[in-house]
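Notes follow once the structure below has been shown.
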Amino acid sequence: MTEAILLVGGQGTRLRPVTVHTPKPMVPAAGVPFLAHQLARLAAAGVDHVVMATCHLAEVFEPHFGDGSAHGLSLEYVVEDEPLGTGGAIRHAARRLRGGPDRPVLVLNGDILSGVDIRGLVAAHRERGADVTLHLTRVEDPRAFGLVPTDADGRVLAFTEKPQTPEEIVTDQVNAGAYVFTRSVIDTIPEGRAVSVERETFPGLLARGAYLHGHAEDSYWLDLGRPEALVQASADLVRGVVDSPAVPGERGESLVLPGAEVAADALLAAGTVVGAGARIGAGALVHGSVVLDGAEVGEGADVRRSLVGAGARIGRRTVLDGAVVGDGARVGADNELRTGARVWCEAVLPDAVLRFSPDDPAAPTGRRPQTTEGLQQ
Ligand code: GDD
Ligand code: MG
């Protein structure tokens, strides 16, 4: 039996407005809550008991995943009254573990999409006899992560969470947010207060001479801290760039959920997902994007690398490229929202028709209307 703790209690601040109504791990990717992919990958790797460490918006997890039997797992939930931090959450969740002190316990950050070989990670932990084994990956810019230099044997030499100075950036090898702890090591984390596993537990263990093993693996890895990463993850799941048994359909250029309506001449491409009850208008192009349940994309709209929230409406000919539109928002016709643009939930952006004439070079470039009459319709 292998057990796992999933850390899903963070606020997801950087994902707003996507996380206003939905905690980060429940935001849909490829048609199902992101967490479903992690649970499916754990089950496929032979994990049979998972404790979900929840805090922020805790109440939404259990109604959706229940006792886990539908996912081939036994699932339990623990709720923190106050955020206990990553280490405190692991300690708090450990009360539900069933294995003895020498057993390996997987711990996963809840916001990582990864192709890591989970069995391989546990096997490496056993073979090395480590106290903790950490999955490590390489990134171009390591500043937003935990830096983990290792020696030639993979022994962890230091752990520097979110380096502050150039001198601290000694490696591009970072903590990938998946660990195997020997159970007894979890029991050494202080109870009943906030603890950061990255800032306190790992440096403390190293200072006491514990054996932390770094398992470097360059499989698919994406941190979903930002909306563009979430959109990318969804597209990669739909296209099968990374494998998840939880994707509800065949791999391909698009995934259209039951109850969605897509106009015959609309074009869906690059891993786009269209949620249940959503509508895509005639001549619209939706490329590498996430359109959530009940949303509407107007005729001739051009949507790329963007997320359209549940029930949101995108007007005719509007261009979205790298934008996020919150749940229930309304973006009028002929607007243009580019990289980094975020429209808050329920916000209303009027039509842009009165601000541009059809041949104005500043008008949205997507599909310029041919006549002024067209504009006024
Ligand atoms: N239950 C609970 N309680 N969970 C929490 C809490 C808490 O108080 N705080 C954070 N979490 C969960 C988050 O939901 C997330 O799944 C995970 O713990 C990590 O927290 P983040 O807030 O996402 O941390 P980060 O992304 O800045 O950095 C972490 O992940 C990087 C890899 O993506 C660190 O582990 C870095 O070292 C690592 O490189
Ligand atoms: Mg994170």
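Using a Gaussian network model on the chain with a 10 Å cutoff between Cα atoms, which of Leu257, Leu206, Leu237 fluctuates the most?
Leu206
Ordering Thr188, Thr201 by accessible area with a probe of 1.4 Å, largest first, what comes out?
Thr188, Thr201
Let's test this: bin the Cα-Cα distances of region 140-192 at 5 Å from zero up to the farthest pair and state each bin's percent.
Percent of Cα pairs in each bin: 4, 18, 23, 20, 17, 11, 7, 1.
Express in Å², to the nearest 10, the accessible area of Asp243 obtained by rolling a 1.4 Å probe over the protein heavy atoms while all chains stay in place.
100 Å²
Compute the Cα gyration tensor for region 104-244, then decide on rounded, prolate or oblate, letting a ≥ b ≥ c be the square roots of its eigenvalues: rounded whenever a/c is under 1.5, prolate when a/b is larger than b/c in the other cases, and oblate in all that remain.
Prolate.
With a point put 7 Å past each Cα toward its Cβ, work out how far Arg251 is from Asp67 in nm, to one decimal.
My value for the distance between the label points is 3.5 nm.
Shape verdict for region 43-116, please, from the Cα gyration tensor: rounded (a/c under 1.5), prolate (a/b greater than b/c) or oblate.
rounded
With a 1.4 Å probe and all protein chains kept in place, how much accessible area does Arg239 have, in Å² rounded to the nearest 10?
110 Å²
Each residue of region 4-15 in order: what ³J(HN,Hα) in whole Hz does its phi give by Karplus 6.51 cos²θ - 1.76 cosθ + 1.60, θ = phi - 60°, with x for Gly and Pro?
Karplus-based 3J(HN,Hα) across region 4-15 equals 9, 10, 10, 8, 10, x, x, 7, x, 4, 6, 9 Hz.
Can you tell me the mean projection area, over all orientations, of the convex hull of the chain's alpha carbons? Units nm², please.
So the Cα hull casts an average projection of 19.8 nm².
At 1.4 Å probe size, with no ligands or nucleic acids counted, give the accessible surface of Arg342 in Å², nearest ten.
Counting only protein heavy atoms, the figure is 100 Å².
Regarding region 3-227, what whole-number volume in Å³ per residue does the convex hull of its Cα atoms give?
Roughly 122 Å³ of hull volume per residue.
Gain in length, Ala282 to Asp102, computed as 0.36 nm per residue apart minus the alpha-carbon separation, to one decimal in nm?
58.8 nm
By how many nm would the segment from Glu140 to Ala229 lengthen if fully extended, with 0.36 nm per residue of separation less the alpha-carbon distance?
The span from Glu140 to Ala229 would gain 30.6 nm if fully extended.
In the chain, which longest range has no GluC sites (Glu not before Pro) that are both DSSP loop (not H, G, I, E or B) and surrounded by at most 15 other Cβ atoms within 10 Å?
Longest gap between qualifying sites, sites excluded: 1-139.
Probe radius 1.4 Å, ligands and nucleic acids ignored: give me the carbon and sulfur share of the accessible area of the chain as a rounded percent.
49 percent
If a/c stays under 1.5 just call it rounded; otherwise compare a/b with b/c (prolate if a/b is bigger, oblate if not). Do that for region 1-100, with a ≥ b ≥ c from the square roots of the Cα gyration tensor eigenvalues.
Note, shape of region 1-100 comes out oblate.
Summing -39500 (n - 2.57) over the DSSP H runs of n ≥ 4 in the chain and dividing by its residue number, what mean residue ellipticity at 222 nm do you reach, to the nearest 500 deg cm²/dmol?
Dividing the helical sum by the residues of the chain leaves -4500 deg cm²/dmol.
Normalised by the residues of the chain, what does the relative contact order come to in percent, with Cα pairs under 8 Å and at least six apart?
13 percent
At 7 Å along the Cα-to-beta-carbon direction for both Glu168 and Val79, put a label point, then send me their distance in nm to one decimal.
3.5 nm
Ordering Lys162, Lys24 by how much accessible area each has at a 1.4 Å probe, largest first, what is the list?
My answer, sorted largest first, is Lys162, Lys24.
Given the chain, what percent of its DSSP beta bridges are antiparallel, to the nearest 5?
30 percent
What accessible area per residue comes out for the chain, rounded to a whole number of Å², with a 1.4 Å probe?
Per residue, the chain has an accessible area of 42 Å².
For Val241 and Ala264, compute 0.36 nm times the residue count separating them, minus their Cα-Cα distance, and round to one decimal in nm.
5.6 nm
The values are calculated or read from the model by the stated rules, or taken from the named source; none is laboratory data. Since we're looking at a predicted model, the values are computed, not measured. Here Cβ is always computed from backbone atoms with ideal geometry, including for glycine, and neighbour counts include all displayed protein chains. What goes into the accessible areas is simple: the full protein's heavy atoms, side chains included, and nothing from ligands, DNA or RNA. Shrake-Rupley method; radii C 1.70, N 1.55, O 1.52, S 1.80 Å.
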